[in-house]
Each structure stands twice: as C-alpha cells, then as structure tokens.
Amino acid sequence: MLPNSPTRILIVEDDQDDFLIIEACIKDIPEKVFLIDWCYDYDEALRRIAHANYDIYFVDYLLGERTGLELLREARAMNCDEPLILLTGIGNREVDVQAMTIGAVDFLVKSEINTEKLERCIRYALERSAYNKALRVNERKFRSMFERSKDAVFLTGEDLVFRDVNNATCELFKYSKEEILRFSLYNLFARKEAADQLKDRLTFIGDVEDLEVELLTRNRERRNCILSISREAYSSGENYIQGIIHDITNLKRIERATFQIEKLRSTATLLRTLAHEVRNPLTNINLSVEQLKPELNSEDANIYLDIIARNCGRIDSLISELLDLSRPAEISLQRAGLQDIVDSTLAAASDRISLKNIRLERAYPDQPAFVMADREKLKIALLNILINAVEAVPSQSGVITVAIRKESGHYRVCINDNGNGIPEENISRIFEPYFTSKTNGFGLGLAATWNILQSHRAGIDVSSQLGEGTSFMLTFEEA
C-alpha cells in the first residue's frame, strides 16, 4: 500500500445495519481516506479474499450457517497475508483465543465499537501486517541465501546435533537432509581428538573462526574444510549454534600436487646434472680399462679390470634408470573403461591378496567409466599402489576397498586399506625416487606411478591416518 493511497477495507457482515454503523465509525476517522466494501455472503467473501484486493478485513462471527472462525481458517489456508479482524455481538474469551490462534490480528465486540477504537485497531493491524510482511520478505531472502550458498551452512543445538542444513551440506557429506539431521557435527570428524578440541573450545571460548579440520563423508572420504561457528540465542533465551563449512579439499590437492611437481622437477634437474657430471668420468674410466686390458697379461689384473668394468656398467644403468624416472612416461592414450583396467590390475594381484586372506571390496558405477588411458601403463601405476596396500594390511583381517565414482565430469578411483598408515611427515615424500620405509624396498614403484599418472593428466591425492589406514584417490577426466 502506497503512503498516501486510500485504505481498502472489506466488511464481511450479514446484517446491513451493523455494516452501516461500522462504516460510519470508520469514515469518521480523521485525516484518513478509506474505500469500504460490504459483503454478506460467505462464499463471495472467500472469492474476494482470494483476489487480495483489500488491505484489511473485518469478519463477523455469525455468517448464516457458517462462522467467521471458519472463514478465518480458510483465508489463512489460502495464504492471505492481510490482517483479519473478527467481530462478535458479545464478548467470549474462548472465541477470542480461537480467533487469535487461527491468525486474527484482533477481536472486537460490536457493542463496544467506536471511532477511536476502530482507528487504533486499523492502525495497529496495518503496522503489524507491514512488519510481518517485511519479516517474511527478509526470511525468504535469507532462506534463499541459506539454500543457494555454495558453502555448507547449518544450525545446531549446543550438542552440535544438526537442526537445519542447506543443500550444500548434504552434497558435501553425501547424506540426505533427513539422514544428516540425525547426526552431530562431532560424528563427522575424521579424528576424535580434533572433535574433543572443538568441544573444549566451544565450552571455554564460545566461537570458532576459520578452524582447519578433516571431516568424513558418507563414503568415509576425508574432506579438508575450514569451519566457523558462533553461538547465538533465540528470543526465548535458548542458545543455538550456527556455522559455515568451506570445503578446501580441491585447493589442498592442487597445493600438494603443485608442491610435488616442483619438488620432482627440482629432483629431475639435479639428476640430469649429476648424470652429466658422473658419466663424464665414468666414460674415462671405461676407456682406460679398455686401454689397459691388452697391455696387462696378468690374470689377476684382468679380474680387477672386469670388476671395474662391471661396476661402471651398473652405475651407468642406475643413471639411465634415474633419468627415465625424471622424464614424462611415453604413453599411447585410447578410450578405455576404468572398470576393465581395475579388474585386470586386481587379477594381477590376486595371488598376493589370497595368500594374506585379505577381504577385497569393489564398488563400481553401473555404466562404463570411460577415460583416455594407456591400459598397460595405467595398470602398472594401479598395481604399484595395490601392492603397497597388500603389504600394509594385516593378514586375515586386512581389508582393501577399490571404488570408482563419477563426480562432475570426472571419474575418481579410490583405493583404501586398513593398514598401519603413513606418518604425516612421509606423505609428501612417498613419490620421490628411492624414498621408502620398507626394509627390502627400492622406492621406485610410487615414483613410476606418479610419472605415469602425470602423463595421463590425472590427479592424485593421498590421505592416511596412523593405525587406521591409507587412501589413494586418482582423478581422471571423463572421455
């Protein structure tokens, strides 16, 4: 309603005399302009309310065989936002309470009506209506922001049990809204000690800002997140928690991958320099041995010369191997199904898996997961990861899970085990040539895996928890 526009009023009253009295009282209100209509029929009144052409409605309690309470109830069911005021011939507290419960803004006894009372009633009703409309507009606006936010936004009780969440929260954790409302945020923490630290911080400080945490999805996938929480209070005084979770998993992956690439690039430069510096004197040694052999007839001398030549050959082979690891793997990409490649890899490792009586679990999508791949090279990369998992898990109770999932134009291969895990300080080094924690290992398997995956332009992410296991996540573009 515009500031200077007339106030449009509909009086639903089956007695014309009562209507004329109320109309006269309203028209006597000073400095206001009103457009007043009369309606005596219940069904006609509902039709007019449905058209929403009025700013306020006065409704008599008795409307023939029907009542004003019924009209109020039906008007509210039609989402009537304008104020409804119930009129009655005699004061009745029970009717008053029922009317207010249904949604009437006021209850007036007709014998007590005068111009002053009607002016105050109309003014309060319109002010309250404007306030409620503004409140609903803001509620819709903030609800829209809440639902459309790309970050997970949630409300919880003091125990962090979810009371309301937006769609992004469900998408992040892979639960339906009904399922996640049965959880506490504490249940989603990857590490119990981190959940305990959050509980202590909320108890003693009350708010948490930009706390980096690891949370678990339905598939037990770890997500790196930034958590912010604040304690708020309802008008009733009851406390509640509101929070935002910003998923930084992909940023962390890019950060780790960039760091790994730079580190391996530096290693490759160092290897090429060393190869050049070592091969030059090595060539001189080999040439010298060849020159000495014809001049020395001693059998003992020839034995030592052969030892020198063999070891020079071993050093040369080692340099060639190191240089091969520092170069991108030569591959021939063709459209291939990940399920077939993974199954072929598992078949190659089946003897090792059976000997340790390891339980193998697979989870594949129903449709073929096609990617551009060099089948044999990718099989080598996957086999290196799988063999490490087999060696890490305990006999009899070992579990290895291999899953393929589709995620927005990509396929992700996840290889999880319940082994001893990798210390955090070693995770950034496992792809380095010759780095190994095994007593009988050479540290070349995962270096070769990294090289092959880089040639496939595949992402690789590793998460591990000591005593719980390790997860390798490989991401390929859909073909």
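Among all residue pairs at least 6 apart or on different chains, which show Cβ distances below 7 Å where the first residue, located in region 247-273, is on the phi > 0 side of the Ramachandran plot and modelled with pLDDT under 65 and the second is in a helix (DSSP H, G or I) and loosely packed, with under 15 Cβ neighbours inside 10 Å?
Cβ pairs passing all conditions: none.
Considering every residue within region 192-208, establish whether at least one is open to solvent by 70 Å² or more (accessible area, probe 1.4 Å), in contact with a strand residue (DSSP E or B) (Cβ under 6 Å, 6 or more places away or on another chain) and not in a helix (DSSP H, G or I).
There is at least one residue in region 192-208 that is open to solvent by 70 Å² or more (accessible area, probe 1.4 Å), in contact with a strand residue (DSSP E or B) (Cβ under 6 Å, 6 or more places away or on another chain) and not in a helix (DSSP H, G or I).
Looking at (1) touching a residue at least 60 places away in the same chain (Cβ under 8 Å); (2) among the β-branched types (Val, Ile, Thr); (3) within 23 Å of Arg76 (Cβ to Cβ); (4) surrounded by fewer than 17 Cβ atoms within 10 Å (Cβ to Cβ), which is the one condition that is false for Thr115?
Every listed condition holds for Thr115 apart from (3).
Only one of these is within 14 Å of Asp81 (Cβ to Cβ), of a type outside the set (Gly, Ala, Ser) and touching a residue at least 60 places away in the same chain (Cβ under 8 Å): Leu135, Leu126. Name it. Even if it seems obvious, please write down each step before you answer.
Working: Leu135 fails: touching a residue at least 60 places away in the same chain (Cβ under 8 Å).
Every option except Leu126 fails the conditions.
Can you tell which of Leu46, Leu69 is farther than 21 Å from Leu118 by Cα, of a type outside the set (D, E, K, R), surrounded by 15 or more Cβ atoms within 10 Å (Cβ to Cβ) and free of Cβ contacts under 8 Å to residues at least 60 places away in the same chain? Please lay out each step first, then the result.
On the way: Leu69 fails: farther than 21 Å from Leu118 by Cα.
After applying the criteria, what remains is Leu46.
Could you figure out which of (1) touching a residue at least 24 places away in the same chain (Cβ under 8 Å); (2) outside any helix (DSSP H, G or I) isn't true of Glu31?
All conditions are met except number (1).
Which of the residues spanning region 339-385 are part of a helix (DSSP H, G or I), open to solvent by less than 70 Å² (accessible area, probe 1.4 Å) and in contact (Cβ under 8 Å) with a residue 40 or more places away in the chain? Reasoning before the result, please.
Going residue by residue through region 339-385, those that are part of a helix (DSSP H, G or I) are 339-348, 350-355, 375-385.
Checking the rest, the ones that are also open to solvent by less than 70 Å² (accessible area, probe 1.4 Å) come to 339, 341-348, 350, 353, 377-379, 381-385.
Scanning region 339-385 gives Gln339, Ile341, Val342, Thr345, Leu346, Ile353, Lys377, Leu378, Ala381, Leu382, Asn384, Ile385.
If we keep just the residues of region 406-432 that are part of a loop (DSSP other than H, G, I, E, B) and free of Cβ contacts under 8 Å to residues at least 12 places away in the same chain, which is nearest to Asn388 (Cα to Cα)?
If we filter region 406-432 for residues that are part of a loop (DSSP other than H, G, I, E, B), which is where we start, we get 408-409, 418-423, 428-432.
Add one more test, that the residue is free of Cβ contacts under 8 Å to residues at least 12 places away in the same chain, and what stays is 408, 429.
Numbers: Ser408: 29, Arg429: 15 Å.
That would be Arg429.
The values are calculated or read from the model by the stated rules, or taken from the named source; none is laboratory data. The model shown is predicted, which means the values in this text are computed figures rather than measured ones. Note that each Cβ is placed from the backbone with ideal geometry, even for glycine, and that neighbours are counted across all protein chains shown. Areas reflect the complete protein model, heavy atoms only, side chains present, ligands, DNA and RNA absent. Shrake-Rupley method; radii C 1.70, N 1.55, O 1.52, S 1.80 Å.
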